[in-house]
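Remarks on the structure that follows.
The values are calculated or read from the model by the stated rules, or taken from the named source; none is laboratory data. Quick caveat, the model's predicted, so the values are computed rather than measured. Neighbour counts are summed over all protein chains in view; Cβ atoms, including those assigned to glycine, are modelled from backbone coordinates with ideal geometry. Heavy atoms of the whole protein, side chains included, go into the accessibility calculation; ligands, DNA and RNA do not. Shrake-Rupley method; radii C 1.70, N 1.55, O 1.52, S 1.80 Å.
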Amino acid sequence: MSKLRQRSPRLKLDPKHYQLLHEQVLQRDGWRCQMCGSLKNLQVHHKRFRSKLGDDSGENLITLCVDCHRAEHEFQR
């Protein structure tokens, strides 16, 4: 019988610390959508979804405008 590899728990921040990280990501990305360069309607996107054990970490977050964010979620379905 093969051994199953145990998944490591994902990093999930409390709301206060997540908001701070959210601001840091926007600042890091120059307050621009990293796909189209827009400066309007910005959101922070998890590259690896939380539901897929994606961490709340700077490495897993990217700034996208609302249109690119929507397109990214439609693409990943």
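Going residue by residue through the stretch 5-16, is there one that turns out to be open to solvent by 40 Å² or more (accessible area, probe 1.4 Å), in contact with a strand residue (DSSP E or B) (Cβ under 7 Å, 6 or more places away or on another chain), of a type outside the set (Val, Ile, Thr) and modelled with pLDDT of 80 or more? It would help to see each step written out before you state the result.
Kept after step one, since they are open to solvent by 40 Å² or more (accessible area, probe 1.4 Å), are these residues of the stretch 5-16: 5-16.
Checking the rest, the ones that are also in contact with a strand residue (DSSP E or B) (Cβ under 7 Å, 6 or more places away or on another chain) come to none.
Checked against the condition, which is being open to solvent by 40 Å² or more (accessible area, probe 1.4 Å), in contact with a strand residue (DSSP E or B) (Cβ under 7 Å, 6 or more places away or on another chain), of a type outside the set (Val, Ile, Thr) and modelled with pLDDT of 80 or more, the stretch 5-16 yields no hits at all.
Residue pairs, Cβ under 7 Å, 6 or more apart or interchain, first in the stretch 17-35 and within 13 Å of ASN60 (Cβ to Cβ), second of a type in the set (D, E, K, R). List them.
These pairs meet every condition: TYR18/ASP56; LEU21/ASP56.
For the stretch 57-68, give me each residue that is buried (at least 18 other Cβ atoms within 10 Å of the Cβ) and touching a residue at least 40 places away in the same chain (Cβ under 8 Å).
LEU61, the sole residue that qualifies.
Within the group GLN34, GLN27, GLN43, which residue is touching a Cys at 6+ places or on another chain (Cβ under 9 Å) and not in a loop (DSSP other than H, G, I, E, B)? Full working, then the answer.
Working: GLN34 fails: not in a loop (DSSP other than H, G, I, E, B); GLN27 fails: touching a Cys at 6+ places or on another chain (Cβ under 9 Å).
That would be GLN43, the only listed residue that is touching a Cys at 6+ places or on another chain (Cβ under 9 Å) and not in a loop (DSSP other than H, G, I, E, B).
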